[in-house]
Amino acid sequence: MPGRKPGQFGFTLVELVIVIVLIGILGAFAGQRFFSRTNFDASGYSNQLASLVRYGQKLAIAQNRSVFVRLNGSSVALCYDAGCAARVTAPAGGNSGSTATRQRCLNPANNTYDAAWACEGLPDGIAMTNAGTFYFDAVGTPFDVADAQPTLVSTFPTTLAVVVTGNGVTMRTSIEGNTGYVRDVR
């Protein structure tokens, strides 16, 4: 190499400065999105939501009784009545116990946290559509909460879409009106 003595190898000061400047630019623009938990929280919560709704449907069929799903915009919860006075126990005997769940899954009767309740709170920085409350009957068909029990006519929409968003990530979970089939739409 011209201008270098034999056995001398390495980078020049100019090359090192250019690399440091490029890393700084990448860090300024990509670092915030790369190190943000919001993307993972949105995806994870969407998966929890779909799992709890599926569990609610399967539980209604297995126990031959109605199971109510409450999607109030800040949590997803399973109950045996519309007012959540009788709460469904979480499949593993307890919910995640996350900070968001402890804040947003309070017993409506006494405003205290219930760790055994099948309820998951929406993490901070994440938004979810408020889909209200509906229930699965004993054969797993979804019904609007206003539909009188027992009824054969459901006013549940053809497809109920629940959207979870956070930091530019949008996740959709849909519940089919005729069958109650729950699916993630990516």
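Any residue at all in region 67-77 that is of a type in the set (Phe, Trp, Tyr), in contact with a strand residue (DSSP E or B) (Cβ under 9 Å, 6 or more places away or on another chain), surrounded by fewer than 22 Cβ atoms within 10 Å (Cβ to Cβ) and more than 25 Å from residue 39 (Cα to Cα)?
Scanning region 67-77, I find no residue that is of a type in the set (Phe, Trp, Tyr), in contact with a strand residue (DSSP E or B) (Cβ under 9 Å, 6 or more places away or on another chain), surrounded by fewer than 22 Cβ atoms within 10 Å (Cβ to Cβ) and more than 25 Å from residue 39 (Cα to Cα), so the answer is no.
Residue by residue through region 127-144, note down the ones that are part of a strand (DSSP E or B) and of a type in the set (D, E, K, R).
Residue satisfying the conditions is 144 alone.
Sort out which residues of region 78-98 are over 19 Å from residue 137 (Cβ atoms), surrounded by 12 or more Cβ atoms within 10 Å (Cβ to Cβ) and hydrophobic (A, V, I, L, M, F, W, C), and write them in order of number.
90
Looking only at region 37-59, which residues are closer than 24 Å to residue 135 by Cα and β-branched (Val, Ile, Thr)?
53
May I ask you to list the residues in region 114-149 that are closer than 13 Å to residue 77 by Cα and either free of Cβ contacts under 8 Å to residues at least 40 places away in the same chain or of a type outside the set (Phe, Trp, Tyr) (or both)?
114, 115, 116, 118, 119, 120, 121, 122, 130, 131, 132, 133
Restricting to region 157-169, and then to whatever is assigned to a strand (DSSP E or B) and touching a residue at least 24 places away in the same chain (Cβ under 8 Å), can you tell me which residue is surrounded by the fewest Cβ atoms within 10 Å (Cβ to Cβ)?
Among residues in region 157-169 that are assigned to a strand (DSSP E or B) and touching a residue at least 24 places away in the same chain (Cβ under 8 Å), the one surrounded by the fewest Cβ atoms within 10 Å (Cβ to Cβ) is 161.
From the list 151, 101, pick out the single residue that is modelled with pLDDT under 90 and either under 21 Å from residue 44 (Cα atoms) or in a loop (DSSP other than H, G, I, E, B) (or both).
Only one candidate qualifies: 151.
The values are calculated or read from the model by the stated rules, or taken from the named source; none is laboratory data. Quick caveat: nothing in here was measured; it's all calculated off a predicted structure. Backbone-built Cβ (ideal geometry, glycine too); neighbour counts: all protein chains shown.
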